[in-house]
Structure formats: C-alpha cells, structure tokens
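Have a look at the structure below before the remarks.
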Amino acid sequence: MVDIITSILAASIPLSMPILLAALGEVFAERSGVINMGIEGIMGLSAFSSLWVTFTTGSYVLGILTALGAAGILGLLHSFACIRIGVNQLIMGLLIFTLGNAIADFSYRRIISVQVPLVRPLQPIDVPFLSHIPYLGPILFSQNLLVYFAFALAFILGFVLYRTTWGLKIRSVGENPEAADSAGINVNLVRLICVVFGAMLAGIAGASLTLGYLGIYNTGDTIVAGRGWIALVVVIFSSWSPYRAILGSWIFGLGFSIAFTFIGIGSTFFGNSSSAPYFLQMIPYIFALAVIVIFRRGIRQPSALTVPYRRK
C-alpha cells in the first residue's frame, strides 16, 4: 500500500506540470485583462509540432523551440483579434482552440500514413543526496528537467508579478486600464505581450506532454485531455496567483495520477473490469467541478478582464 501511495504521489508531480505551465501563462494574460480560451488547442498543436521536430531532428531543444513558435503565432492571432480589432475574447479563444487542434490532428494523420513519430521522453534527473531521501526523494527529487523548470518558474513569475514594476503595470492594466493609460502605460502593448507570453507557456506545456511524459501523439483531445480547460479552473482557484497555482495544478495532477495508477493495476474497486477505467478517467474532472463549486465564492477576478480598451 505504501508503494502504491508513493507511486501515485511521484506520478502526480509530472502530471501536474503541463497544467501548471499553462495556468502560469494564463495568470499573466488574465491579469492584463485578456482571457484565452484557446489554451487546449495551443497545447495540442504544440504537443504535435514539438514531437515531430524532435523526431525528425533528434533535438529536444528544437522541438521545444518549435512549440514556442507555434504557440506564439496563435497567441499573436488571439491578441491581434481581441486587442486590436476588439473581437469577443471568449469566441476568439474557442476559434483558437478549434484551429490549433485541427491543424495538429490533420498534420498527424497525414504523417502517420508514412511513419509514426516516436521519441524517448526526457529521463528523470536525480538530485544528489535529496533523491535518496526515503519516500520524499522519489516524489520530489527524481523528475525530468521540465518539471523542475515549471516549479521554479512559478516562483520566479510570482516575484515578477508582485515585486517588480513590470508586474505592477500588468496588474494595473487588468484592474483599471484608463488609470494605467493616464500614468503613461501602453495598455494594449502590455496586454499583447502578456497574451503571447501566456500562449508560449501553454506551448511548453503541450511540448511537455509528448517530450516529457508520453513520447507519442495521438489526437489533441486524447493527448491534452482537457488539461487546457483545467488550467483555466486552476487560474480561478488560485485567485490569479502564480504561487497558489502550484497547489491547484498539483490537485489535478493527483487526480490524473490516481486514475492512471488504478487503471494500470487493473483495479475493480470502482466497478467491474469493463467500467472501472471510464469512471477512473472522470476523477480529474470531478475534481474540477468540486473546485468550482467549493471556491466559487469570495473570488474577485481582475476588473477589466474580457473588457477591450479603446483610448479616448
């Protein structure tokens, strides 16, 4: 039983990583006043493109850079439509979601008619001494590089948002763009940068699924499996804080870990052998519903979220 618990906790960390990366980027986008409902599609396109480039070149660095580029283009498209033209942010986000997944799935189906791209996922890096701590070591200090990067980035971005002038500009743009403009801040430029940055983090999140965990692509809805939507829930749960996003992401990573672990060992605790996997796969989304219900009160979003700004 102890081994199963340790295995679940150890797996929950890398499973929370894509959610955390996507949520961190969305925190910055929404803090500036723009919501990106297309995270799921951005992650799907990035997952495919990073896998394909890594498979063809053998370079994980080029794969991640490709994911950043693909995500950045979709981020630019979203920011141009919402910030420059004034398209409804929710509708545009859904279009980005559809576009990203459609491009990825179409390209994948064309490619697998010739060959199936596979890569070896990034291997865990054992932190000297710390990885040998009983129980805690395998859980926290024996993960791949992207996991360490994600959690370090959360603290860095928290510092930037709350302790720097740039972070103050972002928060002021999201709360009162008119006052920010009066103070000499280019509101739309700040929003554009935050939206593109958020999309690029979602791109790394997508790449982490294929390069850091699975090593294969299937379809966007299978690979990403709602993690982009869950990242939006994490942003709300965290009250738009990078620090609290760590906890929120881990809760859902734990849900995925519980599901995958019990499916892997063929548990029938949750039903007969044919129905149990379907119930277990519901666990992360049950967690999402529970979080929405429990934490729906007392949460105040940025005042100018989804509100276009036009300089008078």
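Just so you know, all these numbers are worked out from the coordinates, no wet-lab data involved. Keep in mind it's a predicted model, so treat the numbers as computed, not measured. Note that each Cβ is placed from the backbone with ideal geometry, even for glycine, and that neighbours are counted across all protein chains shown.
For helix 227-237, report the angle its Cα long axis makes with the longest principal axis of the Cα atoms of the chain; keep it between 0 and 90° and round to the nearest 10°. Here the helix axis deviates by roughly 60 degrees. What is the distance in Å between the Cα centroid of region 147-204 and that of region 62-83? That distance is 17 Å.
The mean sequence separation of alpha-carbon pairs under 8 Å and at least six residues apart, normalised by the residue count of region 149-244, gives a relative contact order of 27 percent. Computed over the chain, relative contact order equals 36 percent, with contacts defined as Cα pairs under 8 Å that lie 6+ residues apart. Taking all Cα pairs closer than 8 Å and separated by 6 or more residues, the relative contact order of region 75-206 comes to 30 percent.
What FRET efficiency would be calculated for the residue pair residue 145, residue 57, taking the C-beta separation as r and a Förster radius of 25 Å, to the nearest 0.05? Don't skip to the end; give the middle numbers.
Working: r = 18 Å, r/R0 = 0.73.
Given R0 = 25 Å and the Cβ-Cβ separation, E is 0.85.
Around residue 228, under 12 Å between beta carbons, what's the net of Lys plus Arg minus Asp minus Glu among the other residues? Please report the intermediate quantities before stating the final value.
On the way: positive: 227; negative: 26, 40, 221.
Overall, the nearby charge balance is -2.
Packing-based ranking of 69-80, 195-206 yields 195-206, 69-80, ordered from highest to lowest mean Cβ neighbour count within 10 Å.
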